[in-house]
Amino acid sequence: MTNEVISVKGLRKSFKDKDVLKGVDFEVRRGEIFALLGSNGAGKTTTVNILSTLMKPDGGEACICGFDVQRQPDDVRQSISLTGQFAALDGMLTGRENLMLIAKLRGAANPAQVADNLLARFSLKDAANRRADQYSGGMKRRLDIAMSLIGKPAVIFLDEPTTGLDPEARIEVWAAVKELADGGTTILLTTQYLEEAEQLAGRIAILHEGKIITTGTLAELKRMFPPAEVEYIEKQPTLEEIFLAIIGKKGEM
């Protein structure tokens, strides 16, 4: 049985005369956090939209859990959940009501129990009966991610999940994402925050001008740099330095 849960080969997409994806290739293994790292406009969200069946590619192949995103979209949708850049909550409903609504739509046998379990898991029990529009940014994100778990999807797409959050809220979301991965969920994370990729991802792919220009673990990417310089202390390159160096080097080729 293959360990690949997401397989992307030669993915291409254009909008009018602009080529956004120019032959993207990568795979994501079962139970890992895989970060798609790139600047604004690099094609991260377009990739996620194609993989989640919201958009058709112009070429290439993409499979989720063995299902082709174009030929078997219904099977793909049963296998995934998507959390976009902004929390998809009903602010007029309480946190518990938001969860129960999704549980009912997903056909859960006991929506109330599902909601209570997720509220406890994401440390939202004390705010369960408070309207969602009164939640902090980090709480809204945690609730949004909790909603994405209903139905136990094999794959979760997190498209820039901490955009606009303050540092404290970002750390809250990171903790929630790590917990999901520890539970065996496969996560494809898109981000432009280098520290986020460094904190969360087992492997990182750098998407630049519509192409994946390198993929590897943080340790593998660091080995692309010269050995650490010895000054008063050893200076190891940060992921930000690696990213900028790779973009500068590859972008000129």
query = With (1) in contact with a strand residue (DSSP E or B) (Cβ under 8 Å, 6 or more places away or on another chain); (2) under 21 Å from Val5 (Cβ atoms); (3) in a helix (DSSP H, G or I); (4) not β-branched (Val, Ile, Thr) as the list, and Leu221 as the residue in question, which single condition is left unmet?
reply = (2)
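Residues checked against (1) assigned to a helix (DSSP H, G or I); (2) charged (D, E, K, R); (3) within 15 Å of the chain's Cα centre (by Cα):
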{"position": "Gly41", "(1), (2), (3)": "no, no, no"}
{"position": "Thr45", "(1), (2), (3)": "yes, no, yes"}
{"position": "Asn49", "(1), (2), (3)": "yes, no, yes"}
{"position": "Lys56", "(1), (2), (3)": "no, yes, no"}
{"position": "Ala62", "(1), (2), (3)": "no, no, no"}
{"position": "Gln78", "(1), (2), (3)": "yes, no, no"}
{"position": "Leu82", "(1), (2), (3)": "no, no, yes"}
ask   = Any idea which of Val28, Val8, Val20, Val24 is crowded, with 18+ Cβ neighbours inside 10 Å, within 18 Å of the chain's Cα centre (by Cα), over 22 Å from Val177 (Cβ atoms) and touching a residue at least 12 places away in the same chain (Cβ under 8 Å)?
value = Val24
key: Residue check for Asn3: free of Cβ contacts under 8 Å to residues at least 40 places away in the same chain, within 24 Å of Asp182 (Cβ to Cβ) and of a type in the set (S, T, N, Q)   = yes
ask   = Name the pairs: first residue in segment 90-118 and closer than 15 Å to Asp144 by Cα and touching a residue at least 40 places away in the same chain (Cβ under 8 Å), second residue assigned to a helix (DSSP H, G or I) and of a type in the set (S, T, N, Q), Cβ to Cβ under 9 Å, at least 6 apart or on different chains?
value = Asp90/Asn98; Gly91/Gln134; Ile102/Ser148; Ala103/Gln113
key: Pair list, Cβ < 6 Å and 6+ apart or interchain, from segment 74-89 residues that are over 16 Å from Val28 (Cβ atoms) to residues that are surrounded by fewer than 17 Cβ atoms within 10 Å (Cβ to Cβ)   = Gln85/Thr163
query = How many residues, within segment 56-90, are small (Gly, Ala, Ser) and more than 26 Å from Ile102 (Cβ to Cβ)?
reply = 2
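Going by the conditions given, is Ile213 at pLDDT 85 or above and of a type in the set (A, V, I, L, M, F, W, C)?
yes
I'd like the full set of residues that are in a helix (DSSP H, G or I) and under 29 Å from Phe67 (Cα atoms), limited to segment 142-172. Spell out the reasoning first.
Residues of segment 142-172 in a helix (DSSP H, G or I): 142-148, 167-172.
Listed by number, the residues that qualify are Arg142, Leu143, Asp144, Ile145, Ala146, Met147, Ser148.
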ask   = Can you find even one residue in segment 181-195 that is in contact (Cβ under 8 Å) with a residue 60 or more places away in the chain, among the aliphatic types (A, V, I, L, M), crowded, with 22+ Cβ neighbours inside 10 Å and under 23 Å from Arg12 (Cβ atoms)?
value = yes
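The values are calculated or read from the model by the stated rules, or taken from the named source; none is laboratory data. What you see is a predicted model; the values in this text were computed from it and never measured. Cβ: placed from backbone, ideal geometry, glycine included. Neighbour counts: every protein chain shown.
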